[in-house]
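Visitor: Structure provided below as structure tokens; questions to follow.
No value in this document is a laboratory result; all are computed from the given coordinates. Computed from a predicted structure; not experimentally measured. Note: ideal-geometry Cβ built from the backbone for every residue, glycine included; neighbour counts use all protein chains shown.
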Amino acid sequence: MHIIIAKDKQDLGKKAAETVGMLLKKSPKANICLPTGNTPLPLYKELRNTFTNAEFTYIALDEYLGLDKHDPHCFSNWLAREILDPLDIPAKKRLLIDPSAAEADSEAKRHEKKITEQGGIDIAVLGLGHNGHIGFNEPGSAFKSPTRKVKLADRTRKANAAYWGGDINKVPHSAITLGLDILSSARQTILLVSGKDKADILQKSLAGPVAEDIPATYLQNMENVVVIADEDAASKLTQSR
């Protein structure tokens, strides 16, 4: 595991863009997972400004259930606005999850099968939840968990309520997420973490016991992991090393 400490969120974006850009130059047609949220926004800004002729295939990491596929809150639409449309990634190179799928279990299996047929995940860019979740793999998720429908933890829904104007009642209760099993098969994993409010969980994820009650601890058993954290997020990690 390689840990890169950035000065702030903007520097995190630059360092993440350098890392992702280097990997995509080596493998332009890579299959890549990308996260939503505030942390990766500086990365996407850098990629929009510096990356041209993108040929990668985007793989959906997770998606809310119960939303219309045109709803702006859908992760696929959020990522389309922030990075996929600006880089002209065609629809045929976007492996998406249908948020309005009538049969969520079947949709989850279809998505994982499609990823396998595509050759698996080359690059998984991930964020870290306050409770240690990766994607929507909430605490208690088995390290061998498949892609599946999940119930969202209350803490996760409260954190995401900001995207609905603070109204938690509008936040979906369930989602489909890639499982930790297929995520652990990624050839390269990049974890992005920012903010003092993530310092405790980052320290536990990287230096604490490997346990399913903190899903992100699975990263300790993986090779080819790069963690890029700003000074605030890394503050307790650096103190413990």
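Visitor: Among D230, D167, what is the fewest-to-most ranking by other Cβ atoms within 10 Å?
Guide: D167, D230
Visitor: Right, something else. Just check segment 45-87 against the gyration tensor rule for me: Cα atoms, a ≥ b ≥ c as the square roots of the eigenvalues, rounded for a/c under 1.5, and otherwise prolate or oblate depending on whether a/b exceeds b/c.
Guide: Prolate, since a/c reaches 1.5 and a/b exceeds b/c.
Visitor: What net charge is computed for the residues neighbouring K170, neighbours being all others with C-beta under 14 Å from the C-beta of K170, Lys and Arg scored +1, Asp and Glu -1?
Guide: Within the 14 Å Cβ shell, the charges total -1.
Visitor: Taking only C-alpha pairs under 8 Å that are 6+ residues apart, what is the relative contact order of the chain in percent?
Guide: 25 percent
Visitor: I would also like to ask the following. Looking only at L84, L61, L183, which one moves most when the chain is put into a Gaussian network model with springs between Cα atoms under 10 Å?
Guide: L84
Visitor: Turning to a different aspect of this structure: Summing Lys, Arg as +1 and Asp, Glu as -1, what charge do residues with Cβ under 13 Å from the Cβ of R157 carry, R157 excluded?
Guide: Combined, the nearby Lys, Arg, Asp and Glu give +1.
Visitor: To the nearest 20 debye, what charge dipole does segment 2-239 have about its Cα centre, counting +1 at the Cβ of each Lys and Arg and -1 at the Cβ of each Asp and Glu?
Guide: 280 debye
Visitor: At most 16 other Cβ atoms within 10 Å and a DSSP loop assignment: could you name the GluC sites (Glu not before Pro) in segment 154-241 that fit?
Guide: E223
Visitor: With just the Cα atoms defining each centre, how far is segment 137-175 from segment 79-113? Give it in Å.
Guide: Cα centroid to Cα centroid, the span is 18 Å.
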